[in-house]
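The values are calculated or read from the model by the stated rules, or taken from the named source; none is laboratory data. Every value quoted in this text rests on a predicted model; they were computed, and no experiment measured them. As a convention, Cβ positions derive from the backbone with ideal geometry for all residues, glycine included, and neighbour counts pool all protein chains shown. Note: accessible area is taken over every heavy atom of the protein model, side chains too, but ligands, DNA and RNA are not part of it. Shrake-Rupley method; radii C 1.70, N 1.55, O 1.52, S 1.80 Å.
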Amino acid sequence: MAKPILQIIVGSTRPGRVGLPVAEWFRDRAVAHGGFDVELIDLAEVDLPFMNEPNHPRLRQYVHAHTKEWSATIERGDAFVFVTPEYNHGYNAVLKNALDYLHQEWAYKPAGFVGYGGVSAGTRAIQALKPVVAALRMTPVVEAVTIPFVFKLIEDGRLRADDLLNGAADAMLAELARLAEAGRRLRAEAAAV
């Protein structure tokens, strides 16, 4: 059986963002883990407009090419890591929009979180995301990576992670790998109904 596909989704689209170097660091940890085929998905490149589909996402009756492409991308994933900034005690609108575009494509897949920010390290954004992904039938893992004062860790466009961050990433990857296998079985059972 092929390795599960882990999709790392960069939630921030702002110019000068640190989300991309954070996601690139996590991608390197995921590749080193060896349990996944890893894809990095940058929402700045996906560039979804605000939800403009006329039909509810549960129906999967998409009319726009950008939605069909987004659906195909997320459909092939077996597990996700959302790399999220914290804005005003929550996560950003671009990430919420990307989640809301689809429904069934997310189901029975585990979700991990890498949060970053100032003193709160993105923890409030992660807590706000958990009920959203649960409503999409995803399984949020308990293990997470939270990066306080992230700007102090960016050097020459790369995140300088310490042993604590690397350990947190490895623990989350191990849990995502376990749940990705279980999710494949659940999706197969749901499709057979």
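Above 31 Å, the calculated P(r) of the chain contains 13 percent of its Cα-Cα pairs. Average accessible surface for the range 1-146: 43 Å² per residue, computed with a 1.4 Å probe over protein heavy atoms with every protein chain in place. Taking label positions 7 Å along the Cα-Cβ direction at both Ala188 and Ala107, the computed distance is 1.8 nm, reported to one decimal. Just checking the listed ones, Gly167, Gly112, Gly183: in the Gaussian network model of the chain with Cα springs under 10 Å, the one fluctuating most is Gly167. Heavy-atom accessible surface of His56, to the nearest 10 Å², is about 100 Å², with a 1.4 Å probe and all protein chains retained.
In the range 1-76, a dipole from Cβ-located charges (positive for Lys and Arg, negative for Asp and Glu) runs towards its positive end, and of Pro57, Ile41, Val10 it is Pro57 whose Cα lies farthest in that direction. Summing charges over neighbours of Asp78, with a neighbour being any other residue whose Cβ is under 13 Å away from its Cβ, gives +2 when K and R count +1 and D and E count -1.
Calculated from DSSP H runs of 4 or more alone, at -39500 (n - 2.57) each and per residue, what is the 222 nm mean residue ellipticity of the chain, nearest 500? The partial results should precede the final answer.
Details: 6 runs with 81 residues, N = 193.
Rounded to the nearest 500, the figure is -13500 deg cm²/dmol.
With R₀ set to 22 Å, the beta-carbon distance separating Ala134 from Arg160 gives a calculated FRET efficiency near 0.10.
Can you sort Tyr87, Tyr62, Tyr116 by 1.4 Å-probe accessible area, starting with the largest?
Numbers: Tyr87 70, Tyr62 35, Tyr116 10 Å².
Final ranking, largest accessible area leading: Tyr87, Tyr62, Tyr116.
From the Kirkwood radius over Cα pairs of the range 103-152, Stokes-Einstein at 4 °C and 1.567 mPa s returns a whole-number translational diffusion coefficient of 114 µm²/s. Dipole magnitude for the range 50-193: computed about the Cα centre from +1 point charges on Lys and Arg Cβ and -1 point charges on Asp and Glu Cβ, it is near 420 debye. Each other residue within a Cβ distance under 13 Å of Asp28 adds +1 if Lys or Arg and -1 if Asp or Glu, for a net charge of +2.
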